[in-house]
Amino acid sequence: ETGVTQTPRHLVMGMTNKKSLKCEQHLGHNAMYWYKQSAKKPLELMFVYNFKEQTENNSVPSRFSPECPNSSHLFLHLHTLQPEDSALYLCASSPSGTGPYGYTFGSGTRLTVV
Amino acid sequence: GEDVEQSLFLSVREGDSSVINCTYTDSSSTYLYWYKQEPGAGLQLLTYIFSNMDMKQDQRLTVLLNKKDKHLSLRIADTQTGDSAIYFCAESLNAGNMLTFGGGTRLMVKP
């Protein structure tokens, strides 16, 4: 365990379903991130939150809706997805501010849209 | 703009040294990182180097930084089959905690 927990590990959903991915960390970090990893784009930044506020939205389609109720939890709400959205979704966290912190990643949720 | 590039694939024999290379474009990089991703897992931080250093060694890992050429490398000595993974380099800039990742290099270690 890295300290960043993602659930579920695997998810299969139909194109008309609504589901949510969850990410949780108790490392005291104030920044949290969603990444999409697929064969086409190895690591694609989706959203960034700092102190619960969204500070980056990398032109992500509105069928992906993030939520950050507090600095320890991050959600990604999914609705009316397309098959091309099938990918590994990675959550990461880091301290805010400069320093050799790097990111701590979760193990990811493997999403398959059918 | 920021751009971090890596070669896609590297194959070595067990016991040999592996050298994974990375180039970046932003000269204001503060820290540079190496991450390892094993199959079905997230990225794990291996090591980092501060931009005013040329080299950092940590057991079997040696990081070399050529700031003039904006070139970063990761050398793995005595490569083992357990080192087979995807390796990502990343840079952080003066502005804060955001990282820019390369596309990853898949290392395959043959017995």
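Select from A:Tyr35, A:Tyr103, A:Tyr49 the residue whose mean-square fluctuation is largest in a Gaussian network model of chain A (Cα-Cα springs shorter than 10 Å).
A:Tyr103
Every cysteine in chain A with no other Cys Cβ under 4.7 Å from its Cβ, please list them in numeric order.
Lone cysteines by the Cβ rule: A:Cys68.
Just to confirm the filter: which trypsin sites (Lys or Arg not before Pro) across segment A:32-107 are DSSP coil and have at most 12 other Cβ within 10 angstrom of their Cβ?
Sites meeting the loop and neighbour criteria: A:Lys40.
Give me the net charge of A:Cys91's neighbourhood, meaning all other residues with Cβ under 10 Å from the Cβ of A:Cys91; Lys, Arg count +1, Asp, Glu -1. Can you show the working numbers first?
Details: positive: A:Lys22; negative: A:Glu24.
Value of the local net charge: 0.
For B:Gly104, which sequence-distant residues (separation of 5 or more, or a different chain) have an amide H within less than 5 Å of its own amide H, given hydrogens modelled in the peptide plane?
Amide H to amide H, under 5 Å and 5 or more residues apart or across chains, B:Gly104 pairs with B:Gln6, B:Cys89.
Is segment B:20-63 rounded, prolate or oblate when judged by the Cα gyration tensor, a ≥ b ≥ c being the square roots of its eigenvalues, rounded requiring a/c under 1.5 and prolate requiring a/b larger than b/c?
Note, shape of segment B:20-63 comes out oblate.
Please tell me the relative contact order of chain B in percent, rounded to the nearest whole number, where contacts are Cα pairs under 8 Å and at least six residues apart. Show your work: numbers first, answer last.
On the way: 277 pairs, mean separation 42.0, N = 111.
Once divided by the residue count of chain B, the mean separation gives 38 percent.
Calculate one ³J(HN,Hα) per residue across segment B:56-73 by plugging θ = phi - 60° into the Karplus curve 6.51 cos²θ - 1.76 cosθ + 1.60, and present them in order as whole Hz with x for glycine and proline.
My calculation for segment B:56-73 gives 9, 10, 9, 6, 7, 9, 10, 9, 10, 10, 10, 5, 5, 8, 6, 10, 10, 9 Hz in order.
Out of B:Gly82, B:Gly40, B:Gly15, any idea which swings most in a Gaussian network model of chain B, alpha carbons joined below 10 Å?
B:Gly40
Say R0 is 35 Å: what FRET efficiency, to the nearest 0.05, do B:Lys67 and A:Ala39 get from their beta-carbon distance?
So, using R0 = 35 Å, E works out to roughly 0.60.
Going by a ≥ b ≥ c, the root eigenvalues of the Cα gyration tensor, does chain A fall in the rounded group (a/c under 1.5), the prolate group (a/b larger than b/c) or the oblate group?
Cα axes put chain A in the prolate bin.
Each value in this text was obtained by applying a stated rule to the coordinates, not by laboratory testing. Computed from a predicted model, the values in this text were never measured in an experiment. Reconstructed Cβ throughout: ideal geometry from the backbone, glycine too, with neighbour counts over all protein chains shown.
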